[in-house]
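The values are calculated or read from the model by the stated rules, or taken from the named source; none is laboratory data. Every value quoted in this text rests on a predicted model; they were computed, and no experiment measured them. Ideal geometry is used to build each Cβ from the backbone, glycine not excepted, and the neighbour counts take in all protein chains shown.
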Amino acid sequence: MLRIEDTDRARFVEGSVENFHSGLVWLGIKYDRGVVYQSERLPIYQKISEELISKGFAYKCFCTSEYLSNQKKEMEANGKPFIYNRICLGLSKEEVAQKEKDGDKYVVRFKIPSSPTEITWIDKIRGTVTFPTNILEDFIMIKSDGWPTYNLAHIVDDHEQDVTLVIRGQEFVPSTPKYILVHKALGWEHPEYAHVPEIIGHDHKKLSKRNGDVSLDEYIANGYLPEAVVNFLAFLGWNPGTTDEIFTLKELEHIFSIDRVGKSQAIFDIERLNWINGLYIRSLSIENLADRLISYEPSYKKIKNDFFNRVVVVEQTRIKTLAEFGEISAPYWQLPEYNKDMLVFKKSSPEATKKGLGAFISAVSDFTETSWSEKTVEAWNEFMTDIVVKNGLNNADVFWPIRVALSGSERSASPAEFLWALGRDESLKRIRGVVV
């Protein structure tokens, strides 16, 4: 079930729910019990708060923000942490009624009981956790606008929606005693809790935009595959107990268990995500990868299908993200301008390079487009090696200049791969363009 906790209207961002939903769809994470909006359940939360008031577990607080601010400053000046002084707890029923009649705004606070003095629970990850209650303040459950806080709404929803295990970040550990007290006040059994470790950057510092803390949209835009992202996220703080590292979402549904989540901080290593993403890209069929690339960049549709697929075959092992394909495949669509001095390898000479290129052109002079395309990459390597041997040249006199002439770069796929992908006409056009 997807639950939208949208009761904090001041922080509500228009379009965020749609964005969240589309992210889950992209990841392949489905829900089968529909979507529940907390904003549509206000009467339920208000009814529960009234019940808690009537039973003496909660009370109305009329303290103004100005009063609370002054109290906070005074306590901090004395070196003490701010804890609400419970002044409104001493109001009589008549005083409360008069303030309401006068139109004074109020919030509903939960009254922290004096007993028990400690709250203990068994955390599924951290084991036995104990917190003293004297460090807790009477927290707000209903705000002055009548909307509930997280401190009440999620407790009611967890109970009504049969939630048995709550998994959330370790920063919620200090708040858990409050949630347990509310459950007890309502006579409900609280769910089990599992507080997962904090995620930090590879530099062992707090996660930030610099080291991975960006929206899912950015990972989609940068060409990551959903199955790779799911696989990567699953391993943040968890391990299967084996050396296996690659799992589909379906496999994770069966193998994941909360008892394999560790207590230590999890490291968000973008290089590891790149490695996993590269593995998934290499595992795809050429047709599947081509479809994903076209979906990622629709302009690829304009490229002849057979030509595009050949480029995908050549570059599949070299890219780690779909985004990288754009830059690495650019020389196939259009030869970039480059310094012709690159044609001569350091172990060759201008004369030997010219001889090698000329020998290649001569050797393929009677090739048809069909006979050219029928040659495999391995066959092209053997063909160029034969030219080297027959003409008393070195590999640097043939392989290197052909690579540069075809790609316009010192670093690219091999010349054999370019010959296979580009075909006869484009390959000869580029090679002849550098032979004077």
**Asked** Taking only pairs six or more apart or across chains, which ones have beta-carbon atoms under 7 Å, a first residue in region 294-318 that is under 13 Å from I328 (Cα atoms), and a second residue that is among the charged types (D, E, K, R) and assigned to a helix (DSSP H, G or I)?
**Response** V314/E417; Q316/R282; T317/R282
**Prompt:** Do we have any residue at all in region 329-341 that's assigned to a helix (DSSP H, G or I), at pLDDT 95 or above, of a type in the set (F, W, Y) and within 25 Å of V435 (Cβ to Cβ)?
**Reply:** yes
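Which one of V107, V173 is in contact with a strand residue (DSSP E or B) (Cβ under 7 Å, 6 or more places away or on another chain), farther than 27 Å from L42 by Cβ and not basic (K, R)? Walk me through it before giving the result.
Numbers: V107 fails: farther than 27 Å from L42 by Cβ.
Exactly one of V107, V173 is in contact with a strand residue (DSSP E or B) (Cβ under 7 Å, 6 or more places away or on another chain), farther than 27 Å from L42 by Cβ and not basic (K, R), namely V173.
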**Asked** In region 305-326, which residues are of a type in the set (D, E) and either under 18 Å from E271 (Cβ atoms) or not assigned by TED's automatic domain parsing to the domain that holds D291 (or both)?
**Response** E324
**Asked** Which number in (1) among the aromatic types (F, W, Y); (2) within 19 Å of D6 (Cβ to Cβ); (3) surrounded by 15 or more Cβ atoms within 10 Å (Cβ to Cβ) marks the one condition that Y59 misses?
**Response** (2)
**Message:** Filter region 409-424 down to the residues that are under 18 Å from F360 (Cα atoms) and in contact with a Pro (Cβ under 9 Å, 6 or more places away or on another chain) and list them by number.
**Reply:** P415, F418
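Those residues that are touching a residue at least 60 places away in the same chain (Cβ under 8 Å) and surrounded by 15 or more Cβ atoms within 10 Å (Cβ to Cβ), I need them from region 359-376; list them, please. Spell out how you get there, then give the answer.
Going residue by residue through region 359-376, those that are touching a residue at least 60 places away in the same chain (Cβ under 8 Å) are 360-361, 364.
The answer is F360, V364.
Could you go through region 6-21 and let me know if any residue there is of a type in the set (V, I, T), touching a helix residue (DSSP H, G or I) at 6+ places or on another chain (Cβ under 9 Å) and not in a loop (DSSP other than H, G, I, E, B).
Step one: list which residues in region 6-21 are of a type in the set (V, I, T), which gives 7, 13, 17.
Remaining after also requiring touching a helix residue (DSSP H, G or I) at 6+ places or on another chain (Cβ under 9 Å): 7, 13.
Going one step further and asking which of them are not in a loop (DSSP other than H, G, I, E, B), we end up with none.
No.
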**Prompt:** In the set W238, W188, which member is within 23 Å of F256 (Cα to Cα) and not basic (K, R)?
**Reply:** W238
**Complete:** Residue hits (region 1-44; closer than 20 Å to E227 by Cβ, at pLDDT below 90 and either surrounded by 15 or more Cβ atoms within 10 Å (Cβ to Cβ) or of a type in the set (A, V, I, L, M, F, W, C) (or both)) are F20
**Asked** Can you tell me which of D366, D386 is out of contact with any Cys (no Cβ under 6 Å at 6 or more places or on another chain) and in a helix (DSSP H, G or I)?
**Response** D386
**Request:** Quick one: which residue in V182, V214, V229 is crowded, with 17+ Cβ neighbours inside 10 Å and assigned by TED's automatic domain parsing to the domain that holds N277?
**Result:** V229
**Request:** Filter region 43-70 for residues that are touching a Lys or Arg at 6+ places or on another chain (Cβ under 9 Å) and acidic (D, E) and give the result.
**Result:** none
**Asked** For region 251-270, does any single residue satisfy the condition of being part of a helix (DSSP H, G or I), within 30 Å of S22 (Cβ to Cβ) and within 14 Å of the chain's Cα centre (by Cα)?
**Response** yes
**Item:** region 377-413, residues that are of a type in the set (F, W, Y) and in contact with a Phe, Trp or Tyr (Cβ under 7 Å, 6 or more places away or on another chain)
**Value:** W380, W400
**Asked** Within region 117-149, how many residues are among the hydrophobic types (A, V, I, L, M, F, W, C) and closer than 30 Å to G103 by Cα?
**Response** 6
**Request:** Could you tell me which residue of region 233-288 is surrounded by the most Cβ atoms within 10 Å (Cβ to Cβ), considering only residues that are in contact with a strand residue (DSSP E or B) (Cβ under 9 Å, 6 or more places away or on another chain) and among the aromatic types (F, W, Y)?
**Result:** W238
